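Written out below as structure tokens is the structure these notes cover.
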Amino acid sequence: MNVIFILNDSFRPDHLGCYGNKWIKTPNIDAFAKEAAVFTDAHSECLPTIPYRTSCFTGRFVLPFRGWQRLETNDILLAEVLWDKGVQTALISDVYHMHKPTMAFERGFDYVKWVRGHEYDPWEKDASIPVDVTGHYKTDGKDKVVLKGTEQYLRNRHGWKSDADTFIAQVMKEGMRYLDGLKKRDNVFLWIDAFDPHEPWDPMPPFDRMYAEPGFNGPFITSPIPGYTKGYLNEDEIKGIKALYAGKVSQCDKWVGIFLDHLKKLGMFENSLIIFNSDHGEPLNEHGFIRKAYPTPYIEETQIPLIIRHPEGWGAGKKFDCFVNSPEIMPTLLDFMKVKGPKMHGSSLIPIMKGEKEKIRDFALSGRFKQSWRIMTKKWAFTHYLTSEYQDELFDRVNDPAEQKNVLAEHPKERDELELQMRRFLNELR
């Protein structure tokens, strides 16, 4: 038995057909979902990239304890636990934040492959490579960071000729290459961590214009400056950005599909627990801003896809609306591999997939360390801000699923009850 974990960064579930999307083509992940359990109320516990992976690798809530930082020396990690039981462990990723000095996310893996060059990774140092940010970047008159990063990224991707050169393609091909080289394709734990569809949103043809409206030729901006769009981006530019993001989603779907087909070719598809997941969504102007610019944990950023195919068929073709947070990942994988783990906050999802349990808890948490705490029930989403720059918010998830109207003033009792429930839970974590 094996575990194959596929994480695509910044992947919104509402851009997948299996989560109800009608206009974006994701045939491969949708086909995979038909054989798997689909969790429809899964949320990132601590945003964004690094805290989420810390939670997955430790099985613990990190929101009240730490934010974007290296793994701590006393953390007991998923890969370390499996490695100690004789499991072949491998990490393949182009998430350069995990690879930065001292971060230590490679701990416990027998095999590690870093695909370099995504986003602002200081990979290509040849300054003579010509770069033209036209069609990629739009200034707001103040930014320097995104401009410099865009120039670096364009150097990193210099020489690309086709879709097969993209980072999602490179990561999936490295995953296939690793599996091809195994002498024994059993008792394997492979964590594939792809940064796409993270920005820059620069899908290659045919995905770059796949979702542009008829007659629309731009402008397309692959690296918008994070922040409020009013006064910076016009309607056409926002439409172009949304089309590019959707194109990258379909591009990811293609390469995830190629990888899954390769698993079948190698005979590993049927005897593996296979998970498709993301660390967070992506704000695309639903609340007037683009990219992960602020500590506001709205639904478009907190909700994540979580699709689990069990070789025994448990939960196959079913949708589960129970709350799931990232600490559930590690205990689920250890449960499948029948390995006892350390003390964790999360619980295995396998009993839910088998129909033995209906839920883990009555709420989900999300937020940013020292900035925002959010609790979601089936009825409410309440955010308490730990900084005076923002005011607390309460949304009616039933009548306002897009979270557009703050009803905090109308429901003070509910607000108090939710904050008390959240504080009690967080205070009890050890």
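The values are calculated or read from the model by the stated rules, or taken from the named source; none is laboratory data. Source: prediction; values computed, not measured. As a convention, Cβ positions derive from the backbone with ideal geometry for all residues, glycine included, and neighbour counts pool all protein chains shown. Accessible surface is based on the protein model in full, side chains and every heavy atom, while ligands, DNA and RNA are left aside. Shrake-Rupley method; radii C 1.70, N 1.55, O 1.52, S 1.80 Å.
In this Cβ point-charge picture (+1 for Lys and Arg, -1 for Asp and Glu), the chain has a dipole of about 900 debye about its Cα centre.
Temperature 4 °C, viscosity 1.567 mPa s: under these conditions the Stokes-Einstein estimate for segment 333-430, based on its Kirkwood radius over C-alpha pairs, is 84 µm² per second. Length gained on full extension, THR134 to HIS411: 94.9 nm, using 0.36 nm per residue less the C-alpha separation. Sparse packing (at most 13 other Cβ atoms within 10 Å of the Cβ) combined with a DSSP loop state is found for the following GluC sites (Glu not before Pro) in segment 255-314: GLU270, GLU312. Loop-resident trypsin sites (Lys or Arg not before Pro) (DSSP state other than H, G, I, E or B) in segment 270-337 with no more than 15 further Cβ atoms inside 10 Å of their Cβ: LYS318. Plugging the Kirkwood radius over Cα pairs into Stokes-Einstein for segment 1-56, at a temperature of 25 °C and a viscosity of 0.890 mPa s, what D comes out in µm²/s? In µm²/s, the coefficient rounds to 189.
Which entries of LYS113/LYS173; LYS379/LYS405; LYS142/LYS248 have Cα-Cα distances beyond 19 Å here?
LYS142/LYS248
Would you mind pulling out the separation of the Cα centroids of segment 325-392 and segment 254-314, in Å? One Cα centre to the other: 16 Å. Straight-line reach only, C-alpha to C-alpha below 21 angstrom: list the lysines that LYS242 could link to, leaving out same-chain residues fewer than 8 apart. Of all the lysines, those that pass the test against LYS242 - Cα under 21 Å, at least 8 places apart if same chain - are LYS22, LYS25, LYS138, LYS230, LYS254, LYS292.
Identify the residues of segment 283-323 with backbone N under 13 Å of a label point that sits 7 angstrom from the Cα of GLU358 along the Cα-to-Cβ direction, or state none. Label zone hits: 321-323. Peptides 74-85, 18-29 ranked from most to least packed give 74-85, 18-29, packing being the mean of other C-beta atoms within 10 angstrom over each peptide's residues. In loop segments of segment 216-247 as defined by DSSP, the trypsin sites (Lys or Arg not before Pro) with at most 14 further C-beta atoms inside 10 Å of their C-beta are LYS230. Partner lysines whose Cα lies under 25 Å from the Cα of LYS354, excluding those fewer than 8 positions away in the same chain, are identified as LYS34, LYS264, LYS318, LYS319, LYS338, LYS340, LYS343, LYS378.
Here segment 113-240 has 51 percent of its accessible surface on carbon and sulfur atoms, given a 1.4 Å probe and all protein chains in place.
Within segment 387-430, what whole-number % of the accessible surface is contributed by carbon and sulfur, with the 1.4 Å probe and all protein chains included in the calculation? After summing per-atom areas, the C and S share lands at 47 percent.
Projecting the Cα atoms of GLN152, ALA33, PRO331 onto the dipole axis of the chain, where Lys and Arg carry +1 and Asp and Glu carry -1 at the beta carbon, places PRO331 farthest toward the positive end.
What whole-number value in Å² describes the accessible area per residue of the chain for a 1.4 Å probe? Counting only protein heavy atoms, the per-residue value for the chain is 41 Å². Each principal axis of the chain carries a Cα extent, and these read 62, 54, 42 Å when sorted largest first. Using the empirical formula 2.2 N^0.38 Å as the baseline, the Cα radius of gyration of segment 98-239 reaches a ratio of 1.25. Considering segment 32-182, its Cα convex hull presents a mean projected area of 13.3 nm². For the pair segment 8-77 and segment 104-142, the centres of their Cα atoms are 22 angstrom apart.
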